[in-house]
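What follows is one structure encoded as structure tokens, with my remarks underneath.
Throughout, read-outs are computed from the coordinates displayed, never taken from laboratory work. Just so it is clear, the model here is predicted, and its values are computed rather than measured. Reconstructed Cβ throughout: ideal geometry from the backbone, glycine too, with neighbour counts over all protein chains shown.
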Amino acid sequence: MEKYVPFKKEQIKNIIDGKCSYDRIPVIYDFWTNPIIFGKNEQKAKQYLENYPSDVSYFNINIPDNINAPEDDENYKWLYKVPKKEQSAGLDAQVLIEDWEELDEIIEHFPNADYKGAFTNIPKNDGRYILANWWYCFFERHWSLRGMENALTDFYLYPDEVHRFYQALTDFYMRLIERSHYEYNADGIFTSDDIGTQTAPFFSEEIFVEFFKPYYKQIIDKAHSLGMHFWLHSCGNIEKFLPHFIEIGLDVIHPIQKYTMEEKQIATKFGNDICIWAGFDVQQTIPYGTPDDVRKEVRNMIDTYSNINGRFMLTCGNGLTPDCPIDSFFALLDESYEYGKEKMKKLHNDI
């Protein structure tokens, strides 16, 4: 089959900024797809991804581990010392910072954002938009060190300590953003903060405004000052927070998780003000639906989010897992490109 040609970076920038749309919907499925999950069909999956290329290239920012440092920098970790006792609790119940009285020393020994090994897998400059990515921003970093229960109560019991810690993270992130731009020509920054449950946010709007909004504004402003976009992944129902993110200039939101928010309502309320990197449902439709079900859902997403001014791109809602049938994966790619072309042609003809 004839391969598609990826969009150029200026086209993606225009789509994100809501300046215009083109002859199809931008597609970025490979970010969430490791062909190895398809087992015996790995090579077939690789071929599909080559035929339906990603419209964005990307690289990883190696954020510090909580307690393990790389061999070439023993201080490149979040905690300057190993926690007192080993824990066997689940990931969200690990308490690595047992007492906020340790905060002075933690900040004094904070990792250096100029660590030379912070950037890997730098893509060749092939004309596509370049996205730099790290995982765990504020809330996710917070609970990974304090445990979920402590993190949710810290806002009330230790507000000053939370502010100091978030500012230290902010300063670290802003330096990484600078390096992504100056050293590696990144056009955008993408990070994650799952701040919603399946039915509602993890915390109140007041907590978000006090503890998150000011620090997100700083890192978004930093990206904008360098001519970069800021992208955010946040699972769950975050509808209450979207107006605040829009106010402080968030450029791209992912994934508008299916079954947590009403998609048409989100598209109507916010689709002209922020670029929606809509995530295809990987929890139900991919593992349990047929290829025809997949195509139907792709059409539903495109019909829901399409915008003559851009501000819409397609991807997966999260990482694809081994329960994704190879035929459904092909249907996902093929329908995204083919119906994406059909839909954009119709929108442009209706003007």
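Observations on the structure shown:
- Averaging 1/r over each pair of different alpha-carbon atoms in the range 124-178 and inverting the result gives 13.0 Å, the Kirkwood hydrodynamic radius.
- Given 14 as the ceiling on other Cβ atoms within 10 Å, longest exposed-site-free region of the chain for GluC sites (Glu not before Pro) in DSSP loops: 99-261
- Leu157-Leu49 FRET efficiency (beta carbon distance; Förster radius 45 Å; 0.05 resolution): 0.40
- Taking 20 Å as the cut-off, the amide N atoms of the range 325-351 that come nearer than this to a point 7 Å along the Cα-to-beta-carbon line of Lys40 belong to 325-331.
- Relative contact order (%) - criterion: Cα under 8 Å, at least six apart; region: the chain: 23 percent
- Cα extents of the range 5-147 along the three principal axes, largest first (Å): 57, 40, 29
- Close amide H pairs (under 5 Å, H built 1.01 Å from N) link Val282 with Gly317, Asn318, residues at least 5 positions away or on another chain.
- Dimensions of the chain along the principal axes, based on C-alpha atoms and rounded to the nearest Å, stand at 62, 42, 41, largest first.
- Computed E for Glu108/Lys240 - FRET, C-beta separation, R0 41 angstrom, nearest 0.05: 0.65
- Seen from His109, the other residues with C-beta closer than 12 Å to its C-beta sum to a net charge of -3, counting Lys and Arg as +1 and Asp and Glu as -1.
- Per residue, the convex hull spanned by the Cα atoms of the range 207-267 amounts to 78 cubic angstrom.
- Label reach from Val209 (point 7 Å along Cα→C-beta): in the range 245-272, amide nitrogens under 19 Å belong to 245-250.
- Kirkwood radius and radius of gyration were both taken over the C-alpha atoms of the range 42-115, and their ratio Rg/Rh is 1.20.
- Over 32 Å apart at the Cα level, from the set Lys8/Lys269; Lys217/Lys264; Lys46/Lys341; Lys213/Lys264; Lys8/Lys240; Lys9/Lys346, are Lys8/Lys240.
- Residues whose placed amide H lies under 5 Å from that of Tyr58, excluding near-sequence neighbours: Leu131
- Ordering Pro201, Phe110, Met261 by Cα displacement along the dipole of the chain toward the positive end leaves Met261 in first place; charges were set at the Cβ atoms of Lys, Arg (+1) and Asp, Glu (-1).
- Positive contributions from Lys and Arg (+1) and negative ones from Asp and Glu (-1), summed over other residues with Cβ under 13 Å from the Cβ of Gly340, come out at 0.
- For the range 205-351, the equivalent ellipsoid built from the Cα gyration tensor has semi-axes of 29, 19, 13 Å, listed from largest to smallest.
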